[in-house]
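The values are calculated or read from the model by the stated rules, or taken from the named source; none is laboratory data. Small disclaimer: the values here were computed from a predicted structure and weren't measured. Quick reminder, even Gly has a Cβ in these numbers, built from the backbone with ideal geometry, and neighbours come from all protein chains shown. We work out accessible area using only protein heavy atoms, side chains counted, and drop any ligands, DNA or RNA first. Shrake-Rupley method; radii C 1.70, N 1.55, O 1.52, S 1.80 Å.
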Amino acid sequence: MDAVVVAVDYRLTPEHPFPAPYDDCLAAARHVADHIDDYGGRRDRLAVAGDSAGGNLAAAVALTFRDEGRPLAAQLLVYPATDFVGDHPSRTENGAGYLLGAQDVLDLQHLYAGDDPTVRGSYQVSPLRAARFTDLAPAVIGTAQYDPLRDEGNAYAEALKDAGVDVFARTYDGLIHAFLNLFPVSPAADAAVTELYAELKARLG
């Protein structure tokens with residue numbers, strides 16, 4: 001896929017908890033949108049993308065862009081963290097033995113968003129808790145069978161579908177969290193990554 005890729009070196013927890021990473025990603029996305037000609041991109045083909053925590057940030061930026069009336073052509077969310085409030089069966093089913101564990105999820109949530117329920121329940125932290133999902137950018141959402149974040153990623157895909165958003169969503173059998181980085185060593189991961197990128201390309205025209 002021919003594309004201009006802007007990778008955001010956003011501030012990381014634990015030194016920089018919410019809202020620093022979100023603020024950095026939003027500022028970068030706004031800057032690129034406002035100066036897209038400088039990057040050699042197309043104004044009508046701007047997309048956001050991320051995996052895991054990056055998927056959380058990409059989803060939050062897409063929600064904010066919608067609220068600001070800024071157009072996005074697509075959002076690619078791979079095994080995104082979308083819910084810092086609720087619990088999901090996959091966190092128990094895949095709680096140990098698959099790279100990312102249930103306790104890891106809880107620890108990372110605490111480091112990023114603390115324990116204030118108002119913060120954790122905001123859409124900027126928990127995109128699944130947004131007040132509405134209408135008018136969001138088309139979404140390509142991939143989750144992994146053996147990932148504690150599987151169910152919240154799938155729930156986000158369903159919420160967008162129910163709101164009439166164009167969504168491609170697939171749970172990839174046999175794969176684990178971080179499969180986006182495993183394509184050189186796993187044919188299944190390579191096939192999943194290829195499909196997700198193809199679906200993104202289709203939405204970018």
Local electrostatic count at residue 101 - Lys and Arg +1, Asp and Glu -1, tallied over other residues with Cβ under 13 Å: -3
When you count, for each residue, the other Cβ atoms within 10 Å and take the mean per peptide, how do 181-187, 147-153 rank with the highest first? 147-153, 181-187
Using +1 at the Cβ of each Lys and Arg and -1 at the Cβ of each Asp and Glu in the chain, identify which of 175, 94, 138 lies farthest towards the dipole's positive end. 138
Taking every C-alpha to C-alpha distance in the range 89-205 and binning by 10 Å from 0, the per-bin percentages run 13, 36, 38, 12, 0
To one decimal place, what orientation-averaged projected area in nm² is obtained for the convex hull of the Cα set of the range 1-129? 8.6 nm²
Compute the accessible area per residue over the chain, keeping the other protein chains in place, probe 1.4 Å, unit Å². 48 Å²
Out of 39, 112, 98, a Gaussian network model of the chain with alpha-carbon springs under 10 Å gives the largest mean-square fluctuation to 39
The range 139-205 - percent relative contact order, Cα under 8 Å, separation 6 or more: 35 percent
Taking a label point 7 Å from the Cα of residue 16 along Cα-to-Cβ, the residues of the range 90-115 whose backbone nitrogen sits under 11 Å from it are none
With Cα springs under 10 Å, the Gaussian network model of the chain assigns the largest mean-square fluctuation among 171, 118, 143 to 118
Any idea how far the Cα center of the range 72-145 sits from the one of the range 10-50, in Å? 19 Å
Cα gyration tensor, the range 144-205 - rounded (a/c under 1.5), prolate or oblate: oblate
